[in-house]
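To start, the structure under review is shown below, and the notes come after it.
Nothing in this text is a laboratory measurement; each read-out follows from the coordinates by a stated rule. Since this is a predicted model, take the numbers as computed values, not measurements. Counting neighbours? That spans all protein chains shown, and the Cβs are built from the backbone with ideal geometry, glycine included.
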Amino acid sequence: MLGLEKKDTSLLIIVAILTMCAPFILNPFPADSAMAQFNAGYPDLMQRFVIFGIFAIGFNILFGLTGYLSFGHAAFLGIGSYSAVWMFKLLGYNILPGIFLSVITSGLFALLIGYISLRRSGIYFSILTLAFAQMSFALAYSVLTPLTNGETGLQVYNSDPQYFHSDAMPNIPHLFGQEMQSTYTLDAGAWSFDFNTGYYLCALIMLGMFYIAIRIFRSPFGLMLKAIKTNQTRLNYTGLNPRPYTLAAFVISGMYAGLAGGLMASMDPLAGAERMQWTASGEVVLMTILGGAGTLIGPVLGAGFIKYFENIFSKINDTVLHQWFAFLPDGIEDFLIAIVHPFVGKGWHLTLGLMFMAIVIFLPGGLVEGGQKIASKFRGKKAKDDAPAASDTTPAE
Amino acid sequence: MGILEIKNVGKRFGGLQALSDVNLSVAENTVHAIIGPNGAGKSTLLNCLVGKLIPDTGSVTFQGQSLLGRKPHEINQMGVSRVFQTPEIFAELTVFENVMIPCFAARDGSFKLNALNAVRGQNDIKETAEAILEDVKMLDKRHMTASSMSRGDKRRLEMAMCLVQEPKLLLLDEPTAGMARADTNNTIDLLKEIKEKRDITMAIIEHDMHVVFSLAERITVLAQGTPLVEETPENIKGHPKVREAYLGEAQV
């Protein structure tokens, strides 16, 4: 179907079902229960899942296929966001021109940065991209204040021209009148599910991008990118020039990042320089490795995993812990809380770091490898026990 | 006028004169062997032919066109393929993919942005790749990952990758180094077979005299960066100069 092999088609369908049903899947606990803490089905977070999914899918086209580790991809994300907000300021709140421009500008920047950085490979390439990203961050933060509004961040003001804005149109980002923020809440018994326009738009775009990524992976072009990763010497002596191939991959992944940035601005019309900081670049590297670099579904899983932890674990504070351990005698309760405390709330990075270490050491292929191991175990000896199954696939996307 | 003309080529690495005044002409459709003791400059000479090194002096022309200053991939696109001393293959890819890549390179040139075509749909490429794997008797191994094969198989795979491009000139850098006797003989048979089937010129650098004398039509002996003699195999065996420089120690 759609020019895909059977296996890829089923993968695409699974991802489509997961994204379309995400409001249900991510809200498995009744709204008032103690476990509601772990519900992730609110619009904001779901949007972030799919937007960072797009970012990571694009990053994987460069890193997973060619092995070139870019440490500056957040720069393209930021450039995308700034482009989109400028379109809102100049033309109006319809998100189409903004998204379109964000892809174009980030593609152009990727062409420039890639052309220079790809003269080197390995660690030197990583450092060059990092340098460019930090330069972009510094420029956006201070020097280019007229363009980026510096520390405050770029946003839309009432005094902005917005040439195509009419009073009939909503005064927040929309797609031909459909507001991105509008949410329909379905209450079913104790449960409540949110259906958000912005989320569904992002999810559809992510599906499209996922489809394109599959096509690239299975194309002769993708084959050449994999060949670059394994042996550039042979590639050279086979009459192929690696430079344009890597540059094309770099530009494509830069455009993915720009699209993610544009969508981010479309969900919340604000663009700040911190979006370009190196920590943001590092995050997408983590997502890709955590999920499984070079696999199709890995980056999406990784993005969901990290965003889930960032938003859910960081919200568990001492009050919540006291509730959880309330049944224990006082001394033990305080002791347990003292132990757990550094790993949750503000300390969620610690948990994430430990998990990242565990995955890199025990599952170098990321979550995807973990899934494969479990699947083969089940296939191998079916009736054997069922202990550590499904738990690692929590944030399905 | 040969297909490959090397004139007055010299190359210096710091204080070492690796090549000096090398003149060599490889005639079309012949197998030309370059032999010589270790450090004679054989590999340096080969690297000067494929664009990895640029000689300090002299000229290298292939079919009348200069090769100097061209990049390795450009030289390959002109019809020169190279087999390495240690097999250079795409280790993480399957055997079939390994062979498909040179097919694409031969068809599409050094770069083509065909990101939305499917590899599966390329029937002509698949047929060519299957045919060459049949030739080197590796068709049954096509779904194996290249890195998991034996050394001999890796060499044959690399040979197949070069041959599938139908090069006019095939450069072989010790194609049987580290092979068992049986594998060496298989390689000799394979090269002979190829030579019979198509119009191809081969330049072989080799230590194994058995290989050299079974294949070569002309032999150039290189010593200390300069060609000593160029002769037919029959005349090389008894040549006093060669004995002195090389065969004396090698006992053939």
- How many nm separate the modelled label positions at A:Leu108 and B:Leu116, each set 7 Å beyond the Cα in the direction of the Cβ? 2.3 nm
- Dipole of chain B, Cα-centred, from +1 at each Lys and Arg C-beta and -1 at each Asp and Glu C-beta, to the nearest 20 debye? 420 debye
- Item | Selected from A:Gly78, A:Gly302, A:Gly114 as most flexible by GNM, with chain A as the system and alpha-carbon contacts under 10 Å | A:Gly114
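Using just the helices of chain A, give the 222 nm mean residue ellipticity in deg cm²/dmol: DSSP H runs with n ≥ 4 each add -39,500 (n - 2.57), and the total is spread over all residues, rounded to 500. Present the calculation step by step, with values, prior to reporting the outcome.
Working: 17 runs with 244 residues, N = 397.
Value at 222 nm, helices only: -20000 deg cm²/dmol.
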- Message: Given Cβ point charges of +1 (Lys, Arg) and -1 (Asp, Glu) and nothing else, what value in debye, to the nearest 20, does the dipole of the protein assembly as shown about its Cα centre take?
- Response: 1320 debye
- Message: Please check: in the Gaussian network model of chain B (C-alpha springs, under 10 Å), which one of B:Gly225, B:Gly51, B:Gly238 has the largest mean-square fluctuation.
- Response: B:Gly238
- Note on the structure: Two pseudo-spin positions, 7 Å from Cα along C-beta at A:Thr183 and at B:Met1, lie apart in nanometres by 7.9 nm
- Listed residues A:Leu201, A:Phe59, A:Leu139: farthest to the positive end of the dipole of segment A:6-296 (Cβ charges): A:Phe59
- Query: Given R₀ = 51 Å, FRET efficiency for A:Thr233-A:Asp167 by Cβ-Cβ distance, to 0.05?
  - Reply: 0.20
- Under 19 Å from the 7 Å Cα→Cβ point of B:Gln85, by amide nitrogen: which residues of segment B:225-242? B:225-227
- Query: For a paramagnetic label modelled at 7 Å from the Cα of B:Gln65 toward its Cβ, which residues of segment A:224-256 fall within the zone defined by backbone nitrogen distances under 19 Å?
  - Reply: A:236-242
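Provide the gained length on full extension for the span B:Glu166 to B:Asp56, in nm with one decimal, where the gain is 0.36 nm per separating residue minus the Cα-Cα distance.
36.5 nm
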- Considering only DSSP beta bridges whose two residues both sit in chain B, what percent are antiparallel, to the nearest 5? 55 percent
- Query: With each pseudo-label sitting 7 Å past Cα toward Cβ, what's the A:Leu96-A:Ser376 distance in nm, one decimal?
  - Reply: 4.9 nm
- Query: Antiparallel as a % of all DSSP beta bridges within the protein assembly as shown, to the nearest 5?
  - Reply: 60 percent
- Rounded to the nearest 20 debye, dipole of segment A:6-296 from Cβ charges on Lys, Arg, Asp, Glu: 1620 debye
- On a 0 to 90 degree scale, rounded to 10, what angle separates helix B:151-163 from the longest Cα axis of chain B? 80 degrees
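For the cross-link pairs B:Lys141/B:Lys195; B:Lys52/B:Lys241; B:Lys168/B:Lys241, which exceed 27 Å when the distance is taken from alpha carbon to alpha carbon?
Too far apart for the 27 Å limit: B:Lys52/B:Lys241; B:Lys168/B:Lys241.
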- Task: For A:Ile339, put the label point 7 Å out on the Cα→Cβ axis and report which residues of segment A:299-321 keep their amide N under 18 Å from it.
- Result: A:318, A:321
- Straight-line reach check, A:Lys226, cutoff 13 Å on alpha carbons, 8 or more apart in-chain or any other chain, hits among aspartates and glutamates -> B:Glu92, B:Glu97
- Identify, among B:Thr94, B:Ala106, A:Gly114, the residue whose Cα sits farthest towards the positive end of the charge dipole of the protein assembly as shown, taking +1 on the Cβ of Lys and Arg and -1 on the Cβ of Asp and Glu, with the dipole about the Cα centre. B:Ala106
- Calculate the translational D of the protein assembly as shown in whole µm² s⁻¹ from Stokes-Einstein, where the hydrodynamic radius comes from the Kirkwood formula applied to all Cα pairs, the temperature is 25 °C and the viscosity 0.890 mPa s. 86 µm²/s
- Task: Could I get the Rg over Rh figure for segment B:90-165? Both from C-alpha atoms, Rh via Kirkwood, rounded to two places.
- Result: 0.96
- Message: Of A:Thr295, A:Gly261, A:Ile361, which is farthest towards the positive pole of segment A:212-371's charge dipole, taken about the Cα centre with +1 and -1 on the beta-carbons of Lys, Arg and Asp, Glu respectively?
- Response: A:Thr295
- Message: Please list, in order along segment B:22-39, the HN-Hα scalar couplings obtained from phi with the Karplus expression 6.51 cos²θ - 1.76 cosθ + 1.60 (θ = phi - 60°), rounded to whole Hz, x for Gly and Pro.
- Response: 8, 10, 8, 10, 9, 6, 5, 6, 10, 10, 10, 9, 10, 10, x, x, 4, x
- Name the most mobile residue of B:Met100, B:Met202, B:Met159, meaning the one with the largest mean-square fluctuation, in a Gaussian network model of chain B with Cα contacts below 10 Å. B:Met100
- By count of other Cβ within 10 Å, fewest leading, how are B:Glu127, B:Glu166 ordered? B:Glu127, B:Glu166
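Compute the FRET efficiency between A:Asp44 and A:Ala326 as 1/(1 + (r/R0)^6), taking r as their Cβ-Cβ distance and R0 = 30 Å, and round to the nearest 0.05. Let's see the in-between values first.
Numbers: r = 30 Å, r/R0 = 0.99.
The computed FRET efficiency comes out at 0.50.
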- Item | Neighbour-count ranking [beta-carbon atoms within 10 angstrom, fewest first] of A:Phe195, B:Phe90, A:Phe176 | A:Phe176, A:Phe195, B:Phe90
- Distant-in-sequence amide H partners of B:Leu222 (H built 1.01 Å from N, under 5 Å): B:Ile35, B:Gly36, B:Leu228
- Using just the helices of chain B, give the 222 nm mean residue ellipticity in deg cm²/dmol: DSSP H runs with n ≥ 4 each add -39,500 (n - 2.57), and the total is spread over all residues, rounded to 500. -10000 deg cm²/dmol
- Report the extension gain between B:Glu193 and B:Glu130 in nm, rounded to one decimal, defined as 0.36 nm multiplied by the number of residues separating them, less their alpha carbon distance. 20.9 nm
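Quick check on the exposure proxy: order A:Ile312, A:Ile252 from fewest to most C-beta atoms within 10 angstrom. Walk me through the numbers before you get to the answer.
Values: A:Ile312 18, A:Ile252 22.
Ascending number of Cβ neighbours within 10 Å: A:Ile312, A:Ile252.
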